[in-house]
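Novice: Following this message is one structure expressed as structure tokens.
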Amino acid sequence: MKQIEAFVNEAYHSVGGNKQEIAEIKAEMKNHLLEAVYELKEEGKSEEEAIEIAITRFGGEKEMRSIVRQLFQAQKTFAKWVLWLAVIVLFTSLALFEASKLYQQKNDIQNTNAATNMYTILQKDQNISEATKQKIVAIVQSTDHIAQVKIYNVHDLEAESGSPSIWANGKEADPNYKIERHVWAPQWLMNDNYMYVTSDWYIKMETIHMESFMYIALFAGLAVYIVLFTIWAIVNAYHHRRLHIGWVIAFALFNVIGYLAYVLANKAYHQKLAENSPT
């Protein structure tokens, strides 16, 4: 039926996109129209009347062309933005991970330097005088991540408990000196496990610790990226009429590698069709 063929070709005229995909959609649209024509002919309509009614029901030529163009454009735009968003989320999470890692490395260096400087000052003043306290406060305030410092005299801890276990005694004993200040950070980022111990002094600090945030940012970003990439890959596979649960699992588990496998399999499928089609 040449009228049906002409209508379908005109509806998809100048529509951009994958040629194989367009050819498959055109064939599907043509089959729907032919089925409608056959049903109308069985109802007693002539072939010419049946074709005219089927085309009218499907939509006019200009209207169909406009709808098809808008549909393809919307699908392309949606898929493009999903992919871009996936890439942006991935690189943002990697950037946050690296920035947090560098910040933590800087903090670790400052913690060591601060504790070393405090110990040097304490060695000259066994009783922690006001002058010593002011120097310790200055050291703490020169950083942006130390929220609390507790200083214990090791000999006092041992005398109080009769035990040489500095780690256990320091958890219960009152410090010889303590300094606290407000540091802008949520409580879950604070960590009080930085300790500096010598034969005379036990220095314990509560500082901002970025390790938890590092891995939260990384794994959350990767999870969102995988979901978005999987959606993008599913949309593309659906457009090519090659979507099934196996490819969905491959996209979700193997990501880019899974999609490359799909592309190669799809290419082999179409080559096989071309080889088997009559010339």
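Novice: Tell me the helices (runs of 4 or more DSSP H) entirely within the range 166-279 that contain at least 3 residues that are surrounded by 14 or more Cβ atoms within 10 Å (Cβ to Cβ) and at pLDDT 80 or above.
Specialist: 211-239, 245-276
Residues checked against (1) of a type in the set (Asp, Glu); (2) closer than 24 Å to residue 174 by Cβ:
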| position | (1), (2) |
| --- | --- |
| 87 | no, no |
| 94 | no, no |
| 107 | no, no |
| 114 | no, yes |
| 127 | no, yes |
| 130 | yes, yes |
| 133 | no, yes |
| 146 | no, yes |
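Novice: Could I ask something else about it? Take residue 149 and decide whether it is assigned to a helix (DSSP H, G or I) and touching a residue at least 24 places away in the same chain (Cβ under 8 Å).
Specialist: no
Novice: Let me ask something additional. Tell me whether the range 244-255 contains one or more residues that are touching a Phe, Trp or Tyr at 6+ places or on another chain (Cβ under 9 Å), of a type outside the set (Ser, Thr, Tyr), under 17 Å from residue 98 (Cα atoms) and in contact (Cβ under 8 Å) with a residue 12 or more places away in the chain.
Specialist: Checked the range 244-255: no residue is touching a Phe, Trp or Tyr at 6+ places or on another chain (Cβ under 9 Å), of a type outside the set (Ser, Thr, Tyr), under 17 Å from residue 98 (Cα atoms) and in contact (Cβ under 8 Å) with a residue 12 or more places away in the chain.
Novice: If the Cβ limit is 7 Å and pairs must be 6+ apart or interchain, which residue in the range 38-55 that is more than 13 Å from residue 7 (Cβ to Cβ) pairs with which residue that is among the acidic types (Asp, Glu)?
Specialist: 41/47
Novice: Just to verify a result, which residue in the range 126-137, among those that are not aliphatic (A, V, I, L, M) and not in a helix (DSSP H, G or I), is least open to solvent (accessible area, probe 1.4 Å)?
Specialist: 129
Novice: Residue 21 passes all but one of (1) modelled with pLDDT of 75 or more; (2) touching a helix residue (DSSP H, G or I) at 6+ places or on another chain (Cβ under 8 Å); (3) among the acidic types (Asp, Glu); which number fails?
Specialist: (1)
Novice: Give the residue that is modelled with the lowest pLDDT, with candidates limited to residues of the range 72-125 that are open to solvent by 60 Å² or more (accessible area, probe 1.4 Å) and not in a helix (DSSP H, G or I).
Specialist: Top of the filtered list is 124.
Novice: While we're looking at this one, here's another question. Check the range 140-156 and report whether any residue there is hydroxyl-bearing (Ser, Thr, Tyr), open to solvent by 80 Å² or more (accessible area, probe 1.4 Å) and over 20 Å from residue 186 (Cβ atoms). Working first, answer last.
Specialist: As a first pass, look at the range 140-156 and keep what is hydroxyl-bearing (Ser, Thr, Tyr): 142-143, 152.
Now narrow it down to the ones that are open to solvent by 80 Å² or more (accessible area, probe 1.4 Å): 142.
When the remaining residues are screened for being over 20 Å from residue 186 (Cβ atoms), the result is 142.
There is at least one residue in the range 140-156 that is hydroxyl-bearing (Ser, Thr, Tyr), open to solvent by 80 Å² or more (accessible area, probe 1.4 Å) and over 20 Å from residue 186 (Cβ atoms).
Novice: Quick one: what pairs do we get from the range 91-103, first residue touching a residue at least 12 places away in the same chain (Cβ under 8 Å), second of a type in the set (Ser, Thr, Tyr) and open to solvent by 60 Å² or more (accessible area, probe 1.4 Å), C-beta under 8 Å, 6+ apart or different chains?
Specialist: Cβ pairs passing all conditions: 97/215.
The values are calculated or read from the model by the stated rules, or taken from the named source; none is laboratory data. Values in this document were obtained by computation on a predicted structure and should not be read as measured data. Ideal geometry is used to build each Cβ from the backbone, glycine not excepted, and the neighbour counts take in all protein chains shown. For the accessible areas, the whole protein counts, side chains as well, though only heavy atoms, and no ligand, DNA or RNA atoms are used. Shrake-Rupley method; radii C 1.70, N 1.55, O 1.52, S 1.80 Å.
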